[in-house]
Every structure is written in C-alpha cells, then in structure tokens.
Amino acid sequence: MSCQDKQTQQKKEAKTTIETKKEQIKLQDLTPLITQKKVIPFLTEYGKAHQQTNVLIETRLGNIHIKLFKNTPLHRANFLFLIHQGYFDTSCFHRVVSDFIIQAGQSDKISTRKLRKKIGDYKIPPEFTSHKHHKGALSSARRWNQNPKKLSDAYEFFIVHKEKGLHHLNNEHTVFGKVTKGLDIIDKIANEAIDKGEWPINDVYLKVSAY
C-alpha cells in the first residue's frame, strides 16, 4: 500500500506540473487589453463612459462602502475597470498590519494571474490632490525603489487603518477614495491573525461591485 500511495502521489505531482506548464503557455498567448503606452487614453475614455463613484466591498467579516473621488479620474476609472472585469473577486486582503493598513488586490490563485495577464502590465501616473491619508482613505500601492515618477500599481490598493492617519504617505501614494461606511469592518480585518508575511491565516476574500 505504501508503494502504491507513493506512485499515486508521484502521478499527481507530474499531472500538476503538466497543468502548470499548460497554464503558463495559455498566459503567454493572452493579448493584454491595456499597455503602458495606451494607459492614459484608455482610462480617460473608460472614465467618461463609466461615471460610478460608489463601491461596495463584501467580505466574510462584513461590508465596506467606498466613495471614489472624481478628481483622481485615472485611478477611479482603473478601479472601476478592474471591478467590471471581475478582477478583485479573485483577490483577497493579502497584507494586514494592525494600526497601519489593510492591503488587497493579490492572491495565489491562477485566476488572478490569468486576469492580470489578460488586462495588462501597466502603471498609473500619480494624481496627487488635497486628499490625505486619513483613517479609511483608499490609496494605491506602488513600488518605492526604481520608481522616481511614483507610478501607482494598477492592481493593488490599501485602506488606512491607523487612527491618526499615515500622513507621511501624502504625495507619495495617490488617495483616490474613502470609506463612507464600514470602518468597524476594517478594524476586524486589521485584527485578523496573520502569518510571518502579514497575510491573514484565514483568507479574507473580496466581492466588489460599483454603483
């Protein structure tokens, strides 16, 4: 029985490897919807055609209501576009730091990688305004190294949890919305048990819609 189990496991591992290679080939064949050269005109037109400013994020811990700012049009349009593509519904809150932030837009699912490949690899120009990183602020994540223009990541966002705000991030990350209802849910998410990588031990998945 031991040898049989081992052979079965080996077959499973071989099958998984083959499936992974097939997925990689499929991902390589996808033509992205957005490229870096076209990101501004694409999002500008998309924003004109989609005027929603209200967003609902549903989680197992409760719902978060968000208002998107019109004076950050590229970030608003991009967020709406990803919502309409169903991208965030494949993702979870993957970085949770109590008294700091809760960050979402990533997962270890193949479906998340598929959608990223389908949508495209691009960054968004910063849109710094008078909006600050108060508690409940919705802001775009970005790389700090080798990013002198402070371009925003297209897929990942965070919500400020710190009660006094994170004002050292003003004019470093683009604030493009705010929580209007559900700050208590942010508290619950921020207090979830996490692993060494700040990822919640029990995944907090998202279901996101705009109206």
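Derivation of every value follows stated rules applied to the coordinates shown; laboratory data play no part. Computed from a predicted model, the values in this text were never measured in an experiment. Positions of Cβ are backbone-derived with ideal geometry, glycine not excepted, and every protein chain shown enters the neighbour counts.
Could you order the peptides 48-55, 59-66 from most to least packed, using the average number of other C-beta atoms within 10 Å per residue?
Most protected by this proxy first, the peptides run 59-66, 48-55.
Report which label in (i) 16.6, 51; (ii) 23.9, 73; (iii) 19.0, 68 holds the value of Rg and Dmax of the Cα atoms in Å derived from the coordinates of this structure.
(iii)
Note the angle between two axes, namely the Cα long axis of helix 73-84 and the longest principal axis of the Cα atoms of the chain, as a number of degrees from 0 to 90, rounded to the nearest 10.
Between the helix axis and the principal axis of the chain, the angle is about 40 degrees.
Counting other C-beta atoms within 10 Å, which of D99, D89 has the fewest, and how do the rest follow? Display every interim value, and only then the final one.
Values: D99 10, D89 17.
Ascending Cβ contact count within 10 Å gives the list D99, D89.
Once amide H atoms are built 1.01 Å from N in the peptide plane, which residues 5 or more positions from T53, or in another chain, come under 5 Å H to H?
It is Y211, by chain and number.
³J(HN,Hα) across segment 174-181 via Karplus (A = 6.51, B = -1.76, C = 1.60, θ = phi - 60°), whole Hz, x for Gly/Pro?
In residue order, the calculated couplings are 7, 7, 10, x, 8, 6, 9, 7 Hz.
Using the beta-carbon distance between E58 and S111 and R0 = 22 Å, what value does 1/(1 + (r/R0)^6) give for FRET efficiency, to the nearest 0.05?
Given R0 = 22 Å and the Cβ-Cβ separation, E is 0.80.
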